[in-house]
Amino acid sequence: MALAHLILRFAHNFAQGGLRSAVVQRVSLTDRDVRVVFAPALTVGTCSFAAIWFIAPYATELVHSPAELTGLIRTTALMLVFMALGAPAGGLLSRGMRYRAVAVTDFSSFVVGYCVTGIVSGLLGAGVWSLVYGTLGWYGLQALLPYLLVRHSLRPLFDVRAMRDRCCRSSRRRARFSFPPTAASSMTTAGSVPPTRTALP
């Protein structure tokens, strides 16, 4: 199970792919923009799941684990689909500054989806699969609850030019704000601010 989470952790950032930021950072947002963002979400989530599906047997063989691990990895990989599909709805909540709703949906999905589902499955004798069911319940509710609050269109719009514009622009903004300022930029910023004179008594 640890290997399954390790593989999925590597795919986590790729599956999300800045899709939520593409919704939040858009200056003006229309229903068409949401449909355009939902299209790569559907594509990336499906492709990520397919990639993990094919990698799972080789990862199991690499670490000489039981064959059951392949099924664990493949089933848990469904969380990548849930995560990608829920990104636009989560972005719409953040864009509307509905932070209380974001907090409530995150907390509720963890308590009900992960804790309750995992504990009940364990008590029913599911064994290690209880962790899988809990993870899927967690990410499934994390995608479902925000959607129930915003109700955006579920019809993807596969407009390649628009998809590149929305997602690439969001990625550039994230990269620009994620890196610390260099020494040169700091010197430039410092030099651009005129020094203040302190009056001597």
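Listed residues A101, A89; which is touching a Leu at 6+ places or on another chain (Cβ under 6 Å) and closer than 27 Å to R35 by Cα?
Answer to the check: A101.
Search the stretch 21-78 for residues being touching a residue at least 40 places away in the same chain (Cβ under 8 Å) and not in a helix (DSSP H, G or I), and hand back the single one that is surrounded by the fewest Cβ atoms within 10 Å (Cβ to Cβ).
V63
Considering only residues of the stretch 124-151 that are in contact with a helix residue (DSSP H, G or I) (Cβ under 9 Å, 6 or more places away or on another chain) and outside any helix (DSSP H, G or I), which is surrounded by the most Cβ atoms within 10 Å (Cβ to Cβ)?
It comes out as A126.
Okay, residues lined up against (1) within 22 Å of P57 (Cα to Cα); (2) at pLDDT 90 or above:
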{"residue": "L78", "(1), (2)": "yes, no"}
{"residue": "A87", "(1), (2)": "no, no"}
{"residue": "G90", "(1), (2)": "no, no"}
{"residue": "V104", "(1), (2)": "no, yes"}
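In the stretch 86-100, which residues are free of Cβ contacts under 8 Å to residues at least 60 places away in the same chain and surrounded by 17 or more Cβ atoms within 10 Å (Cβ to Cβ)?
The answer is L93, and nothing else.
Name the one entry in V81, V111 that is part of a helix (DSSP H, G or I), under 30 Å from R35 (Cα atoms) and β-branched (V, I, T).
Checking each option against the conditions leaves just V81.
Can you give me the number of residues within the stretch 35-70 that are modelled with pLDDT of 85 or more and more than 30 Å from P88 (Cβ to Cβ)?
4
List the pairs whose first member sits in the stretch 121-138 and is within 14 Å of M79 (Cα to Cα), whose second member is surrounded by fewer than 20 Cβ atoms within 10 Å (Cβ to Cβ) and of a type in the set (A, V, I, L, M, F, W, C), and whose Cβ atoms are under 7 Å apart, counting only residues at least 6 apart or on separate chains?
Close Cβ pairs (under 7 Å, with a partner that is surrounded by fewer than 20 Cβ atoms within 10 Å (Cβ to Cβ) and of a type in the set (A, V, I, L, M, F, W, C)) amount to L131/M1; Y133/A126; L136/L78; W138/F110.
The values are calculated or read from the model by the stated rules, or taken from the named source; none is laboratory data. Given the structure is predicted, the values throughout are model-derived calculations rather than measurements. Heads up, the Cβs are rebuilt from the backbone with ideal geometry, glycines too, and the neighbour counts pull from every protein chain shown.
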